Structures are given as structure tokens and as C-alpha cells.
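A quick write-up on the structure given underneath.
No value in this document is a laboratory result; all are computed from the given coordinates. Every value quoted in this text rests on a predicted model; they were computed, and no experiment measured them. Cβ: placed from backbone, ideal geometry, glycine included. Neighbour counts: every protein chain shown.
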Amino acid sequence: MLLVSSKLANEKVIVDDSSPESTKRIRVVFDRGKLASQEPDSTVFFLGGG
Amino acid sequence: MRLKQLLPILTALLVCVSTAIAASSQTQLSAQEQKVIDYLVKDWGKDYSVTSVDIAMDAVKVAQSDETRFRIGSYIKAHPELHEVIRRWGWVTLVLTPDEKLIARALVNAQRDSKPSPSVPELAKAVAVSEADIMRGLAMLERYEILEKDRQSGGVGYKVLQRYLKWEPRLDFVFHNVSVEGGRKFSVN
């Protein structure tokens, strides 16, 4: 996430991930540092940091 | 010490040396495979990179095959001195594909919860891949000695070796793959 908001802040970035507790796949798309889409819809996304 | 007493020790020593020679010869890489290793060693650590072999093979245009991936992965497993990333995060996360990691996690979760191993169709549904892909993934996990055949486990008939049931602080079966549009693909820790 640090990369998405700093070094890759001017890029479109896809992050393929998975739920840590199961085997569900998660895909999150960031466009110029902002969250553009997420699959599945139930994905919980926390914004934060100092 | 008498020769009779020394014999078992000498035999054991001989077996160890033979095994080491066999292991070493198995990990002789082709030029293409070495190209993948060179790419990874240069990539690892940059932007938190823990890039895996499959991604590197695409990056240097080496055709994907389980056999090639296993040869490169075995080399990484046998050579932690190549890079700090191997020593810090473990070789497993660097050599497995996301599908293989998810298959392993499904088995780890069942075993941790003292449930029978899932069947092939159940795994295919859980990981969202074909049953053929599950069979390939299981074979790869067995070759890496992460799983071993165990009829008592039920389902697919594999059990996860103890070391891999609790993988923290290694990354083993975790993946966070980053694709920059029109650019680099890599995995992060």
C-alpha cells in the first residue's frame, strides 16, 4: 500500500491477493493512488497510516 | 576402533556423500533457467519484492512449465546464500504459484482444525481452478516435500508436514502480487 501511494502514485496498479483465513482470491485495483475497484465486493479495505 | 565398528559409520558417510552429489547434479541449471535466477536476485528486495519464479519466468520470456519451475525452485531451495530474501522469508513463497499456495492453505487449515483433508473436487471449488490443476499442484507440493501421502488424512490423501502447519514468520503460502499497468509485475512481502 505504501508503494501505491508513493512510488506508484501515478500508475494504475492491480494487487492480486487472498483472504488470510481462507482460500478466497481478492483483486484490488488502484488508479493514481486511489482505490478504483475491489473483488469480491465483501472485501474490507482499511485506509490509514501516519 | 575396530573395522567392524567403523563399518556402519563409513556406510552412513558414503550414503550422505552420494546424496549430496545427487542433489547437486539435480540443480545444474540451463542458461535459460540461470536467466530466471539472475532476474530474481536482481529483483528481490527492490520495492519490498519477494517475486516468485513464475512471475520471473514471464518477465524473461521463459516458457512456463512445472518441470522448469521445479528445477529453478529446487535450486533456490538449495541455495539460500543467493539472497537475504530467501533467508528472511523462506524459499517456499518464492517458488510456489498462487494456486499452489492456496491448495496448501486449504490442506493446512483442515489439518489445523483436525478435519479430514478436502477432496479434489472440494479443493477445485475452494481454490477456483480445475481438478487437473489441483492434481498438478498437489504433485508439486509433494515434490517439494511440503505434503506427503497419507491415506488416513481422507480426501486427497495427503498430509502437510509439521514444519508447514505454522509458517509464520516465513511467508510460505502468502502472496501479494502487484501488476503495474503496462509495466513490471512483482510480489511484495
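Quick one: what are the phi-derived ³J(HN,Hα) couplings along the stretch B:145-157, Karplus 6.51/-1.76/1.60 with θ = phi - 60°, whole Hz, x for glycine and proline?
6, 8, 10, 9, 4, 7, 4, 6, 6, x, x, 6, x
Report the extension gain between B:D66 and B:E131 in nm, rounded to one decimal, defined as 0.36 nm multiplied by the number of residues separating them, less their alpha carbon distance.
Computed gain between B:D66 and B:E131 is 21.8 nm.
Through the Karplus equation 6.51 cos²θ - 1.76 cosθ + 1.60, θ set to phi - 60°, convert the phi angles of the stretch A:11-26 into ³J(HN,Hα) values in whole Hz; use x for Gly and Pro.
10, 9, 10, 10, 10, 9, 9, 8, 5, x, 9, 9, 10, 6, 8, 10
Counting only other chains, what is the mean number of Cβ atoms within 10 angstrom of the Cβ of each residue in peptide B:106-112?
Averaged over the peptide's residues, the number is 1.
Against the globular-protein guess of 2.2 N^0.38 Å, express the Cα radius of gyration of the stretch B:98-164 as a ratio, rounded to two decimals.
Computed over Cα atoms of the stretch B:98-164, the ratio equals 0.95.
Could you work out the mean count of beta carbons from other protein chains within 10 Å of each residue's beta carbon in A:5-17?
Whole-number average of other-chain Cβ neighbours for A:5-17 is 4.
For B:K61, list the aspartates and glutamates whose Cα falls under 20 Å from its own Cα; do not include residues on the same chain fewer than 8 positions away.
B:E33, B:D38, B:D43, B:E181
Suppose every K and R has +1 on its Cβ and every D and E has -1 on its Cβ; what is the size of the dipole of the protein assembly as shown about the Cα centre, in Debye to the nearest 20?
The dipole of the protein assembly as shown has a size of about 620 debye.
For the protein assembly as shown, compute Rg over Rh where Rg is the Cα radius of gyration and Rh is the Kirkwood radius from the inverse mean 1/r over Cα pairs.
1.04
So what are the radius of gyration and Dmax for the Cα set of chain B, in Å?
In Å, with Rg to one decimal and Dmax whole: 18.8, 70.
From the helices alone, meaning DSSP H stretches of at least four residues, give me the mean residue ellipticity at 222 nm for the protein assembly as shown, per-run term -39500 (n - 2.57), in deg cm²/dmol to the nearest 500.
The helix contribution divided over the protein assembly as shown gives -13500 deg cm²/dmol.
Can you work out ³J(HN,Hα) from phi for every residue in the stretch B:159-171, in order, using Karplus 6.51 cos²θ - 1.76 cosθ + 1.60 and θ = phi - 60°, giving whole Hz and x for Gly and Pro?
Each residue of the stretch B:159-171 in turn: 10, 7, 5, 3, 4, 9, 6, 10, 8, 4, x, 6, 9 Hz.
In peptide B:162-175, what is the residue-averaged number of other protein chain Cβ atoms found within 10 Å of each Cβ?
Counting other chains' Cβ atoms within 10 Å and averaging over B:162-175 gives 1.
Calculate the dipole size of chain B relative to its Cα centre from +1 charges on Lys and Arg beta carbons and -1 charges on Asp and Glu beta carbons; express the result in debye to the nearest 20.
Charge dipole of chain B: 620 debye, to the nearest 20.
I want to verify a result. In a Gaussian network model of chain A, Cα cutoff 10 Å, which of these has the top mean-square fluctuation: A:K24, A:K12, A:K34?
With Cα springs under 10 Å in chain A, the top fluctuation among A:K24, A:K12, A:K34 is at A:K24.
Net charge around A:G33, counting only other residues with Cβ within less than 14 Å of its Cβ (Lys, Arg = +1; Asp, Glu = -1)?
+1
Taking the Cα centre of chain B as the origin and placing charges on Cβ (Lys, Arg +1; Asp, Glu -1), which of B:H79, B:L29, B:G137 is farthest toward the positive end of the dipole?
B:H79
Can you tell me the FRET efficiency between B:R151 and B:E81 if r is taken as the Cβ-Cβ distance and R0 is 41 Å, rounded to the nearest 0.05?
0.60
Cut-off 10 angstrom, C-alpha nodes, Gaussian network model of chain B. Which of B:D133, B:D113, B:D150 fluctuates the most?
B:D113
In whole Å, what is the distance between the alpha-carbon centres of the stretch B:134-158 and chain A?
If we compute the Cα centre of each part, the gap is 32 Å.
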